[in-house]
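Bear in mind these aren't lab numbers, they're just calculated from the coordinates by the rules spelled out. What you see is a predicted model; the values in this text were computed from it and never measured. Every residue, glycine among them, receives a Cβ derived from its backbone with ideal geometry; neighbour counts consider all protein chains shown.
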Ligand SMILES: *Cc1c(COP(=O)(O)O)cnc(C)c1O
C-alpha cells in the first residue's frame, strides 16, 4: 500500500469524519506549493481557506515565530506580556479602529462580536434587557459554535444541533429592502460578510455595503463586517469593505491574521464600542498570547506596505481574464475580486467536487464551496507563472 493510502486509512480510522478531503496527503509546503507524501507537487489554490494568504512557511513569519517560540509563548492575560501591546497598536493602524480584542479561532472572534454587540446594545443603545436582535444574512458562514450555527441556513451545519440560540433575524443577502424591513429599535447589529466566501465567493450588488452602512446609521445599529476570509489583502484591498469605501463599526478578523502558522483572531472597534467589555466579562486562555501577538504583528507589518494588496489585485485580474475564456465552455459564471474567485461549473458536465478531483490530477488543489461552485484562493505570494498554471488547469478541466 502506498503512503497516501496508509495515511488516509489511519485518519479515517481514528479521526472523526467531519470533513470529506480530496485524496491527497500533504507532507510539506513552501510558498504557493505543497508536496505530498509520495513526492507529488501541487499548487495550493485553497490556501487554508485564505489563512495562507502569505503562502506556506513564509520566511519572514517563520523567523519571527521561531524567535518568539524560544523567548515566551504564553502568559495568560492574568499578566501583561511585551508582545500584545505592540500588536494591538499595529492592528489599530491597519484597521483605523482604536482598540482590539484578541482571540484564537475565527468562530471565537465572531462570538466576541455577537457578545459585544448585545452588550453595547444594552449599555449604550438602551435596548431593554434580553430584547437585543442581530440581523444576519442568508447563506452566511461565520463558524461552527452552537450560537453561530443557530443563525445558519445551511442544513448540514445546523441539523441535529438544536435547541438554537434566539435573537437573530435572517434576511436575503444583497437585498437592501429586505434589510430595511428587518431593522428596528431592538436591532443592535447587522452582521455580514462583505463577500460571502463559503457561500461561493458571492459579491453583493454594487452599492450594497454603503446601503447597509446607511441603514445601520439610521437605526443606531452596529455594522459588523466578518472579514475573516475576505480581509487582509485577499480581495486586492486590505478589507473587502474598502472596495465601497465603507468603514464598519466592527471588523472581525482571523485566518490570515495568524499567517497560516497559528490561530490568531481579533475583533477591532473603537473605544466607544469595545469599551463596554470590562474585566471578567469575556476572555480566553490563549487569546493575545505572546506567540500569537508576535505572528499577528508581523502579518500586520507585511500588510502595511500594500505590496500584497497590489499583488492580489494584479494577479486577480490575470486570473479573472484567464477563467473567463471558459465561460460557456464548462463554466457558467466566474465571480472574482482580487485573487479570489468563485466558479460555477456547468451542472450537465460535472459537480464542483468532480471539478476539484480533476484539478488535482492537473496538479492544482482547490475545494468546492458547495454543489456546483468551486472557490479559488491561491496564496498571494503566487507568481504570474503559478497563476498561468492555475488558468491552464481550469481550462483543461472545464473544456475537456
Ligand atoms: C472561516 C470563517 C469563520 C470561522 O473561522 P474558524 O477559524 O474556522 O473558526 C468565520 N467567518 C468566516 C467568514 C470564515 O470564512
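With the cut-off at under 18 Å, measuring from each backbone N in region 365-398 to a point 7 Å along the Cα-to-Cβ line of residue 354 picks out 366-375, 394-398.
Which of the peptides 306-314, 34-42, 372-380 is most tightly packed, and how do the rest follow, going by the mean number of other Cβ atoms within 10 Å of each residue?
The packing order, highest mean first, is 372-380, 306-314, 34-42.
Compared with the alpha-carbon gap, the fully stretched path from residue 278 to residue 38 is longer by 81.2 nm at 0.36 nm per residue.
Nearest 500 deg cm²/dmol is fine: what mean residue ellipticity at 222 nm does the chain get from its DSSP H runs of n ≥ 4 alone, each adding -39,500 (n - 2.57), divided by its residue count? Mean residue ellipticity, 222 nm, calculated: -11000 deg cm²/dmol. The separation of region 244-262 from region 1-59, counted between C-alpha centres, amounts to 25 Å. Stretching residue 144 away from residue 361 to a fully extended chain increases their span by 75.0 nm, per 0.36 nm per residue minus the current alpha-carbon distance. Ordered from longest to shortest, the equivalent ellipsoid semi-axes for region 282-329 are 37, 16, 6 Å, each the square root of 5 times a Cα gyration tensor eigenvalue. Helix 3-14 and the longest principal axis of the Cα set of the chain meet at an angle near 40°. Computed from the C-beta positions of residue 245 and residue 384, the FRET efficiency with R₀ = 30 Å rounds to 0.55.
When only Cα pairs below 8 angstrom with a gap of at least 6 residues are kept, region 314-400 shows a relative contact order of 32 percent.
Evaluated over the Cα positions of region 52-122, the convex hull gives a direction-averaged projected area, one quarter of its surface, of 6.5 nm². Rounded to the nearest 10 degrees, the angle from helix 384-399 to the longest Cα principal axis of the chain is 70 degrees. Helix 290-304 axis versus longest C-alpha principal axis of the chain: approximately 80°, rounded to the nearest ten. The relative contact order of the chain comes to 23 percent, based on Cα pairs under 8 Å that sit 6 or more residues apart. Got a sec? Which residues in region 190-214 would a label at residue 131 touch, if it sits 7 Å along Cα→Cβ and we count backbone N under 20 Å? Within reach of a label on residue 131: 190. Residues of region 355-383 with an amide N closer than 20 Å to a point placed 7 Å from the Cα of residue 332 along the Cα-to-Cβ direction: 355-359, 367-376. The ratio of the alpha-carbon radius of gyration of region 1-137 to the globular-protein estimate 2.2 N^0.38 Å is 1.48. Across all Cα pairs in the chain, the calculated P(r) in 20 Å bins from zero up to the longest distance comes to 27, 59, 14, 0 percent per bin. Net length available on complete extension from residue 317 to residue 210 is 36.1 nm, with 0.36 nm assigned per residue and the Cα-Cα distance removed. Centre-to-centre, using Cα atoms only, region 295-331 and region 133-211 are separated by 26 Å. By its C-alpha gyration tensor, with a ≥ b ≥ c as the square roots of the eigenvalues, how is region 231-301 shaped: rounded for a/c under 1.5, else prolate for a/b larger than b/c, else oblate? It comes out oblate by the Cα gyration axes.
Distance between the C-alpha centres of region 89-108 and region 369-389: 27 Å, rounded to the whole angstrom. Taken over region 121-250, the convex hull of the Cα atoms encloses 105 Å³ per residue. Given an 8 Å cut-off on Cα distances and at least 6 residues of separation, report the relative contact order of region 162-278 as a percent. For region 162-278, the relative contact order is 19 percent. Working note: Debye formula, equal point scatterers on the alpha-carbon atoms of region 119-185, no solvent; log10 I(q)/I(0) at q = 0.27 Å⁻¹ is -1.15.
In this simple spin-label approximation, residue 76 and residue 159 carry label points 7 Å from Cα along the Cα→Cβ vector, and these lie 4.2 nm apart.
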